[in-house]
Amino acid sequence: MRMVDIIAKKRDGEALTKEEIDFFVEGYTNDEIPDYQVSSLMMAMFFNDMNDEERANLTMAMVASGDQIDLSEIEGVKVDKHSTGGVGDTTTLVLAPLVAALDVPVAKMSGRGLGHTGGTIDKLEAVEGFHVEISEREFTDIVNRDKVAVIGQSGNLTPADKKLYALRDVTATVNSIPLIASSIMSKKIAAGADAIVLDVKVGDGAFMKTEEDAAELASAMVSIGNNVGRNTMAIISSMEEPLGRAIGNALEVQEAIETLRGEGPRDLTELSLELGSQMVVLGGKAETLEEAREKLQGAIEDGSALEKFKVFLENQGGDASIVDDTGRLPQAKFKFEVESTEAGYVEEIGSEAMGVASSMLGAGRQTKDDEIDLAVGLMLNKKVGDRVEAGDSLVTIYSNTEAVEAVKTKILDNYKIGGEEKDIPLIRKVITE
Ligand code: URA
Ligand code: CA
């Protein structure tokens, strides 16, 4: 087989066979095929697309390029949730204990944040002592006993995706639905999920800016999952404003605790219940979404979800007393209010800008080796649709420095106050096929 023939075939709009896809993925991973040929193929794929079979084959070729996590010793259907990335997206912290409280096993492998959004591990490390460096043996035992654990990314997962993603980044071929879909799905499948719930974000703070694009990406990922034997569904949810009120590591842990107590922000609670219901049904612990939702609400009301969060933290060395006393979480030295200069209704909050503002305070990383400040971040006091008077606090800044002028300006510039009482629908679509 020759790489040049594979490139020509895709250039001419033909479908590649499984053997051809395996050939180039393996050859590229092993440094036997040069960047320039793979770049050319990526560009041909960008323009000429791939059919469902090619997408599934590309995904599985990337899965096969490295280690695969074997979760077979864990009892039950392992349902993983994946978000395409949002600002202040606290759902994983809420969902892990919440669905585990209904005996759906949560065996999560998670990463750290890069850029303007935080990663789940960073957030959890705001709890003193909590660590994700546990052995696979411990991980399995904990999940079998208590249904929830998070382990740091280990091993050599999907090296083909790492190389291809880096190449696409510098050849203007990132933004292709089949390539994005196979990239994301390969990582979930290699991490061992039996079933996958996808939260595809749409809007200002998201990768996909329009609902059409988000729906296309979601359908592509759902097809791949179902074609390779993983029950997969997707929800398209709004990132037109940050999710909930808290952005920042310790602040989001506190927000998750409030939500598990039934006192969380409306949007975060709603999205958690929606995603959680899908996870519970896929995990076989409820027949219908309605039944699943009732059970989840029950676990919040009777305290079992919050209790599960404590057990989860303790199992991994964390100080569970923060649940009853959130004052024990890392605290910022300073608090500053960002006051509105006008009266009206909040019409828009730039999600990405809020993520960047939080990052400027030290909550996020610019490069992967940066230290982050777990205590700092933003608390949104006003969300879209809220009434505001001049002088009202829009946002509270939690900071460890007094130099927050640039952060204040960024926030004020990205809060649009107007005359209209707007409402942003949170859940846009559910895609099951
Ligand atoms: N995220 C991924 O993991 N892969 C892509 O190709 C794009 C976004
Ligand atoms: Ca939040």
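Beta carbons within 10 angstrom, averaged per residue: use that to sort the peptides 308-316, 240-248, 286-294, highest first.
240-248, 308-316, 286-294
Could you compute the net charge surrounding Gly385? Neighbours are other residues with a C-beta less than 13 Å from the C-beta of Gly385; K and R count +1, D and E count -1.
Local charge sum for Gly385: -3.
Semi-axes of the equivalent ellipsoid for region 3-48, please: Cα gyration tensor eigenvalues, times 5, square-rooted, ordered largest first, whole Å.
Rounded to whole Å, the semi-axes are 16, 12, 8.
Quick one: net charge around Gly276, please, counting Lys, Arg +1 and Asp, Glu -1 for every other residue with C-beta under 12 Å from its C-beta.
0
Using a Cα distance threshold of under 14 Å, what count of lysine pairs results for region 79-325 when pairs must be 8 or more residues apart or interchain?
Lysine pairs meeting the criterion: 15.
In region 1-106, what trypsin sites (Lys or Arg not before Pro) fall in a loop by DSSP, with at most 13 other Cβ atoms inside 10 Å?
Arg2
Quick one: putting +1 on the C-beta of Lys and Arg, -1 on the C-beta of Asp and Glu, what dipole do you get for region 79-325 around its Cα centre, in Debye to the nearest 20?
960
Rounding to the nearest 10 and keeping the result within 0 to 90°, find how far the Cα-based axis of helix 159-169 lies from the longest principal axis of the chain.
Orientation of helix 159-169: about 80 degrees from the principal axis.
Could you run the Karplus curve 6.51 cos²θ - 1.76 cosθ + 1.60 with θ = phi - 60° over region 76-81 and give me ³J(HN,Hα) per residue in whole Hz, x for Gly and Pro?
Along region 76-81, the couplings run x, 7, 7, 9, 10, 10 Hz.
For the chain, what's the relative contact order in percent, using C-alpha pairs closer than 8 Å and at least 6 residues apart?
20
In degrees from 0 to 90, rounded to the nearest 10, what is the angle of the helix 351-360 Cα long axis to the longest principal axis of the chain?
On a 0 to 90 degree scale, this one is about 80.
Please work out how many pairs of lysine residues in region 330-418 are eight or more positions apart (or on different chains) and have Cα atoms closer than 22 angstrom.
Final tally of qualifying lysine pairs is 13.
Go ahead and run the numbers for FRET between Asp413 and Asp31, Cβ-Cβ distance against an R0 of 41 Å, rounding to 0.05.
0.30
Classify region 350-433: rounded, prolate or oblate, from the alpha-carbon gyration tensor (a ≥ b ≥ c, eigenvalue square roots; a/c under 1.5 rounded; otherwise prolate if a/b is larger than b/c)?
The shape class here is oblate.
7 Å from Cα along Cα→Cβ at both Asn144 and Arg11: what's the point-to-point distance in nm?
Distance between the two pseudo-spin positions: 5.5 nm.
FRET efficiency for Asp213 and Asn51, Cβ-Cβ distance as r, R0 = 30 Å, nearest 0.05?
0.95
Based on the Cα gyration tensor of the chain, what are the three equivalent ellipsoid semi-axes, each the root of five times an eigenvalue, rounded to whole Å and given largest first?
36, 26, 21
For the chain, what is the mean residue ellipticity at 222 nm derived from helices alone (per DSSP H run of n ≥ 4: -39500 (n - 2.57); sum divided by total residues; nearest 500 deg cm²/dmol)?
Helix-only estimate at 222 nm: -13500 deg cm²/dmol.
Of all accessible surface on the chain at a 1.4 Å probe, what whole percent is carbon and sulfur?
Exposed carbon and sulfur together represent 45 percent of the surface.
Under 15 Å from the Cβ of Ala286, count the other residues' Cβ atoms, weight Lys and Arg +1, Asp and Glu -1, and hand me the total.
Taking every other residue near Ala286 into account, the sum is -3.
Please state the shape class of region 79-325: rounded when a/c is under 1.5, otherwise prolate if a/b exceeds b/c and oblate if not, all from the C-alpha gyration tensor.
Here region 79-325 falls in the rounded category.
Provide the per residue accessible area, probe 1.4 Å, for the chain, rounded to a whole number of square angstrom.
Accessible area per residue: 41 Å².
For region 330-418, calculate the relative contact order in percent as a whole number, restricting contacts to Cα pairs under 8 Å that are 6 or more residues apart.
The normalised contact order for region 330-418 reaches 49 percent.
Remind me, relative contact order of region 254-381 in percent, using alpha carbon pairs under 8 angstrom and six or more residues apart?
Relative contact order comes out at 16 percent.
Helix 18-29 against the longest principal axis of the chain: what's the angle in degrees, Cα atoms only, rounded to the nearest 10?
Tilt relative to the chain: about 70 degrees.
I need the phi-derived Karplus couplings for region 32-45: 6.51 cos²θ - 1.76 cosθ + 1.60, θ = phi - 60°, integer Hz, Gly and Pro marked x.
9, 10, x, 3, 5, 6, 5, 4, 5, 5, 4, 5, 5, 5
With only Lys, Arg, Asp and Glu charged, each at its Cβ (+1 for the first two, -1 for the last two), find how big the charge dipole of the chain is about the Cα centre; round to the nearest 20 debye.
Once rounded to the nearest 20, the dipole reads 380 debye.
Would you work out the charge dipole size for region 330-418 about its Cα centre, treating the Cβ of every Lys and Arg as +1 and the Cβ of every Asp and Glu as -1, and quote it to the nearest 20 debye?
Approximately 180 debye in magnitude.
The values are calculated or read from the model by the stated rules, or taken from the named source; none is laboratory data. Owing to the predicted nature of the structure, the values given are computational and were not obtained by experimental measurement. All Cβ positions, even for glycine, are placed from backbone atoms using ideal geometry, and neighbour counts span all protein chains on display. Accessible surface areas use protein heavy atoms only, side chains included; no ligands, DNA or RNA. Shrake-Rupley method; radii C 1.70, N 1.55, O 1.52, S 1.80 Å.
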